[in-house]
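The values are calculated or read from the model by the stated rules, or taken from the named source; none is laboratory data. Given the structure is predicted, the values throughout are model-derived calculations rather than measurements. Positions of Cβ are backbone-derived with ideal geometry, glycine not excepted, and every protein chain shown enters the neighbour counts. Calculation scope for accessible area: heavy atoms of the full protein, side chains included, ligands and nucleic acids excluded. Shrake-Rupley method; radii C 1.70, N 1.55, O 1.52, S 1.80 Å.
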Amino acid sequence: KTDYPIKDVLLKMGLSEDHFKVLHPTFDELPSYLLAADFGIHAMSFGPDSLTRLGVKVVEYLSCGLPTVVNRNVGSAAQVIQENNLGFVLGDASEMDFESPNWDHILGNQEMSSRCRQYALENYSIQTVSRKYHELYQTDL
């Protein structure tokens with residue numbers, strides 16, 4: 001397993017290694033790590049699918065009640081987060097400015113955390129998604 005460039009990005013941003021740790025949790029360990037976090041972050045470089053990207057990672061974050069920070073290249077997620085006040089959206093990967101956002105707006109914000117969880121339940125739960133597929137299959141295509 002490798003740490004990919006995330007460690008380099010965090011160091012470049014001025015974070016010292018005693019302020020973060022890159023882990024590779026198992027599937028069973030993942031929820032406990034997510035629940036210990038203050039927020040989730042998902043940033044991607046531009047690609048042909050940038051406008052439609054949502055990502056399982058974003059759904060996992062929201063399901064755990066984590067306000068989520070994305071960049072514009074995670075298009076659908078950026079739209080969902082901005083329209084529903086579930087975190088905030090940074091610029092694209094080349095201009096991500098971590099100093100401008102009001103971090104106090106999401107850190108420790110229990111109302112936002114509840115809103116994130118509720119949004120995930122209403123839109124991404126197995127029951128909701130299966131119902132939507134069922135409705136789709138019942139229509140005449």
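Residue-wise test of (1) of a type in the set (S, T, N, Q); (2) buried (at least 16 other Cβ atoms within 10 Å of the Cβ); (3) touching a residue at least 60 places away in the same chain (Cβ under 8 Å).
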site: P48; (1), (2), (3): no, no, no
site: R53; (1), (2), (3): no, yes, no
site: A77; (1), (2), (3): no, yes, no
site: G108; (1), (2), (3): no, no, yes
site: V129; (1), (2), (3): no, no, no
site: H134; (1), (2), (3): no, no, no
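Taking the residues in region 110-127 that are in contact with a Ser or Thr (Cβ under 8 Å, 6 or more places away or on another chain) and open to solvent by 50 Å² or more (accessible area, probe 1.4 Å) as candidates, determine which candidate is nearest to P31 (Cα to Cα). Talk me through it step by step, then tell me what you get.
Restricting attention to region 110-127, the residues satisfying the condition of being in contact with a Ser or Thr (Cβ under 8 Å, 6 or more places away or on another chain) are 116-117, 120-122, 124.
Filter once more, keeping what is open to solvent by 50 Å² or more (accessible area, probe 1.4 Å): 117, 121-122, 124.
Details: R117: 13, L121: 16, E122: 19, Y124: 16 Å.
By that ranking, first place goes to R117.
May I ask you to say which residue of A43, A37 is farther than 20 Å from Y124 by Cα and crowded, with 17+ Cβ neighbours inside 10 Å? Let's see the steps before the verdict.
Numbers: A37 fails: crowded, with 17+ Cβ neighbours inside 10 Å.
The unique qualifying residue is A43.
Kindly indicate the residue of region 64-79 that is of a type in the set (S, T, N, Q) and more than 10 Å from the chain's Cα centre (by Cα) and also nearest to L107 (Cα to Cα) among those meeting that condition. Quick ask: steps written out before the conclusion?
To start, the set of residues in region 64-79 that are of a type in the set (S, T, N, Q) comprises 68, 71, 73, 76, 79.
Okay, now just the ones that are also more than 10 Å from the chain's Cα centre (by Cα), so 73, 76, 79.
Working: N73: 23, S76: 23, Q79: 21 Å.
For region 64-79, the residue satisfying everything is Q79.
Anything in region 23-34 that is under 19 Å from V58 (Cβ atoms) and either surrounded by 11 or more Cβ atoms within 10 Å (Cβ to Cβ) or in contact (Cβ under 8 Å) with a residue 60 or more places away in the chain (or both)? List them, or say none.
Selection gives P25, L30, P31, Y33, L34.
Of the residues L30, L23, which single one is over 15 Å from the mean Cα position of the chain (by Cα) and modelled with pLDDT under 85?
On the way: L30 fails: over 15 Å from the mean Cα position of the chain (by Cα).
Criteria check complete, one pass: L23.
For region 10-17, check the following and say yes or no: at least one residue is assigned to a loop (DSSP other than H, G, I, E, B), open to solvent by 70 Å² or more (accessible area, probe 1.4 Å) and small (G, A, S).
no
Only one of (1) open to solvent by less than 40 Å² (accessible area, probe 1.4 Å); (2) closer than 18 Å to I106 by Cβ fails for E83. Which number is that?
With respect to (1) open to solvent by less than 40 Å² (accessible area, probe 1.4 Å); (2) closer than 18 Å to I106 by Cβ, E83 is out only on (1).
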